[in-house]
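Everything below concerns the one structure shown next.
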Amino acid sequence: PPPPSPHLSKQLSSLPVLSELLSTRKSVTPTSQSVSYSNTSPLTVLSGDSCYLHSYERSSSDEILLTTYLDTRNNVPSCGHCNASVNTAISSQVHTINTNTRYLHPHINSLASRLIATLPPLEDDAWVVTLTNSGSESNDLALRIARRFTSNGPVITYDMSYHGHTSSLISVSPYKLKQSGETSPRHNTHWLKHPNVYRCPASDPATYYKSEFDDLLSTLKSPPILIYEIGMSVGGVCLPPPTYLAHVTDKVRALKGCVIYDCVQTGCGRFGENKWWGFEREEGAIPDIVTVGKPLGNGHPISALCVKKSVIRNFDTCGMEYFNTFGGNPVSCAAALAVMEEIDRQCLPQNADLVGSYLMSEFQSIRVNYPEMVGDVRGIGLFIGVEILTGLPPSSSLSQPPPGTAETSWLCSQLKNEYRILSTIDGQFDNVIVVKPPLTFGIAEATYFTSCFRELVKKLVHLKATSQFDSSGGKTPT
């Protein structure tokens, strides 16, 4: 890492020991806010650069110990941690003015125009952009617009979707609802199975999931709202089968409904070249509303909602102004404009293609060598899911390979403890290692990551075969 800045040096001078830091955190924040790796040793991350994070700890002898970790899991800093160009843009603007969006400022116009230029052109319609502070705010607004457009039509969502933390979004995020024991949809909401090609019970996933969608549509009495999380990160990176997204989009639109694509995590070129938005993976799939989250600001609080003029018209004329005090403020816009410049300057979508293809190839090689432990490798660009199994064949009563929940937590913890690699766990059974690093993640990092992963899978297979595997560490919170 670079030498400590004066600001960091000041922080380090007063850094408490880890046990005190963790104890204070627990005493002043609610238990509903988790701490990563709290089942082993939490990290005190005080600095970072590109795809590396630096953790500092004060020892019992009063020394400051530094450990650097490779970050394969933080997608929000899309241009890399502490990107110099983005930081300079923020600093320059914050020293000039930061105020609300009722005043004119060129940054707002420039950012909206840049975003519109990334979207597919429309016939007899046009895109407009609203800027907010977070993906949750954008998705919440998307639902408000869609409900006005459809006269409060029923919402279709998926059983492993997560769209944000507001009350309206929790209601359409079954992934969160099920954590608190809710097992059925809330009022005017319908759940569908997420289109998981690997665990599909039918031999033809596209036909199976399309039929399920069509069957649900046939029961609805009014124009529906479809909110679809592109990539389904917490679902374990579930990309739909070919033509599925265009199919469901066309079906909803034929009923005069509204289609929202949640690209909060899958914008900014994460899926690769010529795919600034995740939905561009499938030809012919064009939403009515699409959102992107804080990767647009490299972590600075900014998000965007892009919507067709024909869809927002009813919302615009309902008499209620939409005012978001600092959504799209000049500093946040400066950050986002710098991010878009960096994406182009560093060719980050092309890098996502190159490095993502390499990662997929290496993980597939591991799967071929250890099929009892690695069940599936899926994804695109720098958005990849590696599904871990138990190492045991399915029993006669199971139609699906047994998910390796404990094995995945073990892998995640060992990646951190042995190799200083940070990873994340998601999926219906908490058995998918999700790879979504900063877009600056290179071939050197990918080579190190996959070689370490291969060694750990090999070790895990041995431990399982010799009955030495210890799962007492429990689930690793990431």
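Read-outs: derived from the displayed coordinates by stated rules, not from any lab. Quick caveat: nothing in here was measured; it's all calculated off a predicted structure. Cβ atoms come from the backbone with ideal geometry, glycine included; neighbour counts cover every protein chain shown.
Some observations on this one:
- Simple Cβ-charge dipole of the chain, Lys/Arg +1 and Asp/Glu -1, about Cα centre, in debye nearest 20: 720
- 5 angstrom amide H check on residue 258, placed H, neighbours 5+ away: 225, 226
- Between residue 435 and 384, 385, 386, the built amide H atoms are under 5 Å apart, and every one of these is 5 or more places off in sequence or on another chain.
- Note on the chain: antiparallel DSSP beta bridges, both residues inside, total approximately 70 percent of the bridges counted.
- With Cα atoms defining each centre, segment 266-286 and segment 334-363 are spaced 13 Å apart in the structure.
- Straight-line cross-link partners of residue 309 among the lysines, defined as a Cα under 19 Å from its Cα and at least 8 positions apart when in the same chain: 256.
- Listed residue pairs exceeding 31 Å between alpha carbons, taken from 193/459; 193/458; 178/221; 176/308; 26/459; 178/251: 193/459; 193/458; 26/459
- 5 angstrom amide H check on residue 229, placed H, neighbours 5+ away: 262
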